[in-house]
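> Sharing a structure with you now.
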Amino acid sequence: MTPMGVLGVLFLLLALYCGIDPFKHSAISGFPDFKAYYVDMPPLSSVPKEKDTQNLLQKSQIMFLNQIQGPESVAFDPLGRGPYTGIADGRVVFWDGEKWKDFAYTSSNRSELCDPKPSPLSYLPNEHICGRPLGLRFDKRTGDLYIADAYLGLLKVGPEGGLATPLVTEADGVPLRFTNDLDIDDEGNIYFTDSSSNYQRRNFMQLVFSADNSGRVLKYDPSTKETTALVRNLQFPNGISLSKDGSFFVFCEGVVGRLRKYWLKGEKAGTSEVLAILPGFPDNVRTNKDGDFWVAIHCRRSMYTHIMSIYPKFRAFMLRLPIPTKVQYLLQIGGNLHAVVVKYSAEGKLLQILEDSEGKVVKAVSEVEEKDGKLWMGSVLMPFVAVYNFA
């Protein structure tokens, strides 16, 4: 057989292996209906080139190490107490100044399945049973805590805590499959994200790999108890935060890597526009007292992520190779975990960037909450909260 013939046979065998995946080694094994979507990536020339060459996040203090698993969102109540955070076993816990106390939980079906485990990812198989609180927001008028639970939808619990009450579990007849983050306006309306109508959080890597475009931004009106879809057909919408004056909110487009503005008031009300192209792929966004937006960046962009995004057939082929999900994930993030946080003005100007490009101290960050000259950083992947003092 000629060399070209040998190569042809090997290619055929590889294609057959990828098509059958007999040993279930690929990252999309178990997802027979997996589809890779095209991502309309912004030109690389439009991506911010600024970097924190001092790696200032390495000066952060690691707090509560191994006391809490996967603290996604960090919140303080109207009296300034906290932090409160939702953790991987389904509880919302509260730091009383000396120790962590149980405050609330979202699932009424908790059992020994939710008992402590060695890492945040250890809880993934049972999250749908235990609940997984992600975004947290306090209503400053009432003290009620609103919770975006990835599996159980939008919920509310009173100032005394306890079992949260479900408010929204579906919208337009479509169940919430991956409720992610929320914010509350002065009238009590809740704006929140549903990251996908097809993938749950326990399959978040497959959602990233797919770039599924079934995500939505929704509004819940507590006076009418109606839920309205404001923006549809999004690729992994994630964090959401109202502007200081309440005239608009911003939300993160996780797969595209953009910060998008949705107007609530004025002549542009009901329309949206791109506020900023981000240096990487975002998680949550939070507004500070000055009206600027802190965005947690999951990882920086790379040529690899750009190519994989705009060539979905090639991406699907790569994902069918016998390469484990963890390795595919590391390829996506450039080989190692590295935290980046960026601050933007209400006009979309990049004001500040802080990072730990080596992942020595702050390996990952899901949210940045600014309070009293400090940045409180939670991470859905880490067993701690990081605090950076910039005052």
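The values are calculated or read from the model by the stated rules, or taken from the named source; none is laboratory data. Note that the structure is predicted; figures quoted are calculated from it, not measured. Positions of Cβ are generated from backbone atoms using ideal geometry, with glycine treated the same way; all protein chains shown enter the neighbour counts.
> For the subset of the range 99-114 comprising residues that are crowded, with 21+ Cβ neighbours inside 10 Å and in a loop (DSSP other than H, G, I, E, B), which member is farthest from the chain's Cα centre (by Cα)?
Just the residues of the range 99-114 that are crowded, with 21+ Cβ neighbours inside 10 Å, to begin with: 103-107.
Add one more test, that the residue is in a loop (DSSP other than H, G, I, E, B), and what stays is 106-107.
Details: Thr106: 19, Ser107: 21 Å.
That would be Ser107.
> Determine whether the range 232-248 contains at least one residue that is free of Cβ contacts under 8 Å to residues at least 60 places away in the same chain, over 27 Å from His298 (Cβ atoms) and among the polar types (S, T, N, Q).
Within the range 232-248, one or more residues are free of Cβ contacts under 8 Å to residues at least 60 places away in the same chain, over 27 Å from His298 (Cβ atoms) and among the polar types (S, T, N, Q).
> Which of the residues belonging to the range 343-384 are of a type in the set (Val, Ile, Thr) and within 16 Å of the chain's Cα centre (by Cα)? Working first, answer last.
Taking the range 343-384 first, the residues of a type in the set (Val, Ile, Thr) are 353, 361-362, 365, 368, 380.
The answer is Val365, Val368, Val380.
> From the list Leu275, Leu259, exactly one residue is over 17 Å from the mean Cα position of the chain (by Cα) and either surrounded by 19 or more Cβ atoms within 10 Å (Cβ to Cβ) or within 17 Å of His298 (Cα to Cα) (or both). Which is it? Spell out how you get there, then give the answer.
Details: Leu259 fails: over 17 Å from the mean Cα position of the chain (by Cα).
Matching residue, one of Leu275, Leu259: Leu275.
> Looking at the range 138-164, I want the residues that are at positive phi and have a partner that is outside any strand (DSSP E or B) and of a type in the set (Ser, Thr, Tyr) with Cβ atoms under 8 Å, at least 6 apart or on another chain. Which pairs are those?
Listed by first residue and then by second, the contacts come to Gly153/Thr169.
> Part of a loop (DSSP other than H, G, I, E, B), under 22 Å from Ala36 (Cβ atoms) and in contact (Cβ under 8 Å) with a residue 24 or more places away in the chain, is that true of Val255?
Numbers: part of a loop (DSSP other than H, G, I, E, B): yes; under 22 Å from Ala36 (Cβ atoms): yes; in contact (Cβ under 8 Å) with a residue 24 or more places away in the chain: yes.
Yes; evaluated as a whole, the condition is true for this residue.
> Moving on. Of the numbered conditions (1) assigned to a loop (DSSP other than H, G, I, E, B); (2) modelled with pLDDT under 90, Pro48 fails exactly one; give the number of that condition.
Among (1) assigned to a loop (DSSP other than H, G, I, E, B); (2) modelled with pLDDT under 90, the lone unmet condition for Pro48 is (2).
> Additional query: Specify which of the listed residues (Leu145, Leu163) is farther than 21 Å from Tyr262 by Cα, modelled with pLDDT of 95 or more and surrounded by fewer than 16 Cβ atoms within 10 Å (Cβ to Cβ).
Values: Leu145 fails: surrounded by fewer than 16 Cβ atoms within 10 Å (Cβ to Cβ).
From the options Leu145, Leu163, the qualifying one is Leu163.
Per-residue answers, yes or no, for (1) under 22 Å from Phe31 (Cβ atoms); (2) small (Gly, Ala, Ser); (3) in contact with a strand residue (DSSP E or B) (Cβ under 6 Å, 6 or more places away or on another chain):
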{"residue": "Cys299", "(1), (2), (3)": "no, no, yes"}
{"residue": "Met303", "(1), (2), (3)": "no, no, no"}
{"residue": "Tyr311", "(1), (2), (3)": "yes, no, no"}
{"residue": "Phe314", "(1), (2), (3)": "yes, no, no"}
{"residue": "Phe317", "(1), (2), (3)": "yes, no, no"}
{"residue": "Arg320", "(1), (2), (3)": "yes, no, no"}
{"residue": "Lys326", "(1), (2), (3)": "yes, no, no"}
{"residue": "Ile333", "(1), (2), (3)": "yes, no, yes"}
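> Among the residues of the range 260-277, are any more than 20 Å from Ile333 (Cβ to Cβ), among the small types (Gly, Ala, Ser), at pLDDT 95 or above and in a strand (DSSP E or B)? Don't jump to the end; show me each part of the working.
Of the residues in the range 260-277, the ones more than 20 Å from Ile333 (Cβ to Cβ) are 260-276.
Restricting the remaining residues to those that are among the small types (Gly, Ala, Ser) gives 266, 269-270, 272, 276.
With the extra rule that they be at pLDDT 95 or above, the set shrinks to 266, 269-270, 272, 276.
Imposing the further condition that a residue be in a strand (DSSP E or B) reduces the set to 272, 276.
Yes, the conditions are met somewhere in the range 260-277.
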